[in-house]
Amino acid sequence: MSILNKLLKGVKSLTRVLVIEDDPIIGEMLILYLSEENFEVQRVESAREGRVALSAFDPDILLLDLMLPDASGIELCSDFRQLTAIPIIVISMKPSVTVRIQAISSGADDFLVKPFSMQELKVRMDAVLRRMSNPAITKPLAIQSVESQTVGVLQQQGLSLDLERRTIVLDGEHIETTFSEYEIMKLFYQYPNRVFSREELINAVRGIDSFINDRAIDVHVTNLRRKLEKNPKEPQFIKTVWGVGYKFIKA
């Protein structure tokens, strides 16, 4: 690929949406609606095609159906999360809490049950994209003012956060996290020993106009403990404050 082509590839006039959906009716509805809303949309029907499109199409956001002909949507979500930090919204016929928890635990940023309102989908897409482009948008002014003064790398207790690269390193090892997990950990890290309610964490991760509940926050915290703590059942970093929420312990 020439340098000119690379530069042109890097310029995105429209937000790119990759839709992995094998149902032709739902797939076409998504293409029509999102195209009218000024998104650039590519739809594929299988996990294999989705992996190719993730690299070739270079999307800004992914809509992932859980029922695919050649792979488990949950496993595919987990695979994609290892490859990219873009927002992933799962769409599924299965409304059960168990499936929602599995999807979020695998790296999804949001979950919609079919049939759903296209307007609601658009709102949720805008919310996760807004959070990705401006993580401080829904935080209290006191938090924003402190965060605006924080640049580079935060370090303590063998744990470091690179704010520019959005990475976490523990004892020299890079820790893979979802977008939501990183946002929660960054908030903890910048305000050690402060107790955050679940509602505050919800607002920090999503924004007050996007769907997420207390249970989803608990799942994210559980995943962070699994990745960061030597013994997740007896956490040293992220402590539960019963009846209130969570706090990060600074030594």
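For segment 226-237, taking the residues that are surrounded by fewer than 19 Cβ atoms within 10 Å (Cβ to Cβ) and touching a Pro at 6+ places or on another chain (Cβ under 9 Å), the one that is modelled with the lowest pLDDT is identified as GLU229.
Filtering segment 78-111 to residues that are surrounded by fewer than 19 Cβ atoms within 10 Å (Cβ to Cβ) and either within 9 Å of the chain's Cα centre (by Cα) or of a type outside the set (S, T, N, Q) (or both) leaves ASP79, LEU83, ALA85, MET93, LYS94, PRO95, VAL97, VAL99, ILE101.
Counting only residues that are under 11 Å from GLU21 (Cβ atoms) and part of a helix (DSSP H, G or I), segment 63-83 holds 1 of them. The residues on offer are ILE25, ILE31, and the sole one that is surrounded by fewer than 19 Cβ atoms within 10 Å (Cβ to Cβ), assigned to a helix (DSSP H, G or I) and touching a residue at least 12 places away in the same chain (Cβ under 8 Å) is ILE31. Annotation note: of ASP209, ASP171, ASP218, the sole residue that is under 28 Å from LYS122 (Cα atoms) and modelled with pLDDT under 85 is ASP209. If the condition is being among the basic types (Lys, Arg) and farther than 14 Å from VAL221 by Cα, then segment 155-202 contributes ARG165, ARG166, ARG194. Scanning segment 40-60 for any residue that is under 17 Å from SER180 (Cα atoms), at pLDDT 90 or above and either not charged (D, E, K, R) or not assigned by TED's automatic domain parsing to the domain that holds ARG166 (or both) turns up at least one such residue. Of everything listed in (1) more than 19 Å from LEU170 (Cβ to Cβ); (2) of a type outside the set (Lys, Arg); (3) at pLDDT below 85, the single unmet condition for VAL244 is (3).
The values are calculated or read from the model by the stated rules, or taken from the named source; none is laboratory data. Not measured: the values here are computed from a predicted model. As a convention, Cβ positions derive from the backbone with ideal geometry for all residues, glycine included, and neighbour counts pool all protein chains shown.
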